[in-house]
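Working notes for the structure below.
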Amino acid sequence: MAAVALADLQPLARERAGDRHDVYSERALGRAYEEFLARRRTPIGSFHLRAGGRQVGSFYDLLRGEAPPAGPLELRLDDPPEAGPAWAFLRPLAAAVFAEDGSAEIVSDAGAPPARTIARFLLREHYLPRSRAEEDRAAAGGPRVTLPTLLRSLPEGVAACRQRGLLPFGVAVLAYYPEERVIYELDLVRSLLLADPRAGRLAPARRVVRPARVGWYVDQWTGRGEVPLLAARLLPTIVESNGLTAIEVAHVFGGVRELIDSALQGLAARGVVAFDRRTGVYRARLDALLPAAPGESPRPESSAANANPALRTSVQELIAAADARATCPLCGTPLGPDPHGLLCDRCAAEVDRG
C-alpha cells in the first residue's frame with residue numbers, strides 16, 4: 001500500500017493543533033516524516049481498517065473531522081502469510097477487532113475461532129506539533145509541550161491524538177493472551193504489520209516466554225516514556241531471553257553500535273538490566289520492574305549489589321514474586337498468590353461475557 005503523503009498530514013496537523021502548527025512546525029514535521037520513511041523494516045503484510053462498520057483509508061482518517069466513528073475498530077491483513085518464518089517470535093494474525101473496553105478478538109487464520117485478549121497501544125515514532133515560540137520558551141527554561149501517557153487503550157489513544165494534534169507514525173499493539181504478551185508493531189504511514197526485529201537474526205530457541213503479567217509490568221515501565229525509543233524496544237527483547245550481548249543486540253536492531261551500547265548502558269543505569277563484565281551479557285532485572293508492594297519503599301534504580309548478576313535471585317523466584325504482588329490491570333484489584341490469569345475473576349467474567 002502507498003504511504004500516506006506528507007501533503008495529507010500537514011493539513012491534518014493544522015486541523016488538530018491549530019496555531020501550534022506554524023511554519024516552523026511544518027518544517028519539523030517534514031523532517032520527522034522523511035526520517036521515518038528512511039527507516040525501513042521487514043513487513044509481514046499490509047492491512048486495512050474498518051471503523052464503525054465502514055472501511056477507512058488509513059489510521060489518520062480517525063483523527064479528521066468532529067469525532068471518530070463509533071464502535072469497534074477492525075484491522076485485517078491483506079493476504080496474510082501462513083504460519084512459518086514470517087511469524088517468528090509472534091503469533092499469526094489474520095484479523096483483530098479492538099473493542100472500546102480495551103479487549104480484542106484476534107483471529108490467527110481464516111476459519112479459526114478468535115482468541116480473546118486485552119489490547120493496549122504503545123506509541124513508537126510520532127510527531128507532536130510545537131510552534132517556534134513554544135520551542136524558544138522551552139529552550140529558555142520554560143514549560144515544554146508534554147505528551148500524554150503512552151500506554152493506552154485504542155479509544156483513549158485516538159482521543160489523545162485528536163486532542164493534542166499528535167501524529168503517530170508507528171505504534172506497538174500489546175496483545176495480552178492468557179499465557180504471554182505479544183507485541184505487534186504497525187507502520188501507520190504505510191499501513192503495514194511489521195516482522196519482529198529478532199526474526200532471521202536470533203534463533204527462536206533463544207526466546208524465553210514470560211507470563212503475560214511480566215509483559216504488563218515491562219510495558220508499564222516503558223510506557224512512561226522516560227527512555228529513548230531504542231531503549232524502550234531493547235528492554236522487552238532482553239526480558240524475553242536469558243541474556244544477550246551487545247553484539248547480539250546490535251545484530252537484531254542494526255544501526256550504529258555506539259547507539260546500542262548507549263541504550264544498554266542507560267537501561268543498566270536505571271537498574272532494569274544488569275551487565276556481567278565477565279561474559280559481556282546483559283540480563284533483565286525482573287525484580288526492578290515489579291511494582292512496589294503496599295508499604296514498601298520504592299526500589300533504588302541501581303546499587304553495587306544490583307549491578308552484580310551473581311547476586312540476583314533465580315528467574316523462577318522473580319516470576320513468583322511478580323505473581324505474589326500482581327494486580328488486575330483493568331480494575332487494580334490484588335490477585336493474591338499464585339494467580340492463573342492476567343485478570344481478576346470479576347473482570348475475566350465480564351470479558352468472557354463481552
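The figures follow:
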quantity: Label-to-label distance, nm, for residues given as Glu34 and Val209 (7 Å Cα→Cβ offset); calculated: 4.6 nm
quantity: Solvent accessible area, Å² - Arg233, 1.4 Å probe, full protein context; calculated: 40 Å²
quantity: Net charge over other residues, Cβ less than 14 angstrom from the Cβ of Gly18 (K, R count +1; D, E count -1); calculated: +1
quantity: Fully extended contour minus Cα-Cα distance, from Thr333 to Thr245, at 0.36 nm per residue; calculated: 27.9 nm
quantity: Shape of region 97-215, Cα gyration tensor, a/c cut at 1.5; calculated: prolate
quantity: Charge tally in the Cβ shell below 11 Å around Arg210, where Lys, Arg are +1 and Asp, Glu are -1, Arg210 excluded; calculated: 0
quantity: Local electrostatic count at Gly52 - Lys and Arg +1, Asp and Glu -1, tallied over other residues with Cβ under 13 Å; calculated: -1
quantity: For peptides 105-114, 88-97, sequence by mean Cβ density within 10 Å, most packed first; calculated: 88-97, 105-114
quantity: Packing-based ranking, highest mean first, of 33-43, 188-198 given that Cβ atoms within 10 Å are counted; calculated: 188-198, 33-43
quantity: Potential extension, Ala5-Ala159 segment - 0.36 nm per residue separation minus Cα distance; calculated: 53.2 nm
quantity: Cα gyration tensor category, rounded, prolate or oblate, for region 19-89 with a/c compared to 1.5; calculated: oblate
quantity: Global geometry of region 190-255, whether rounded, prolate or oblate, following the gyration tensor of its Cα atoms and the 1.5 cut on a/c; calculated: rounded
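The values are calculated or read from the model by the stated rules, or taken from the named source; none is laboratory data. Just so it is clear, the structure is predicted and the values come from calculations on it, not from any experiment. Ideal geometry is used to build each Cβ from the backbone, glycine not excepted, and the neighbour counts take in all protein chains shown. Areas reflect the complete protein model, heavy atoms only, side chains present, ligands, DNA and RNA absent. Shrake-Rupley method; radii C 1.70, N 1.55, O 1.52, S 1.80 Å.
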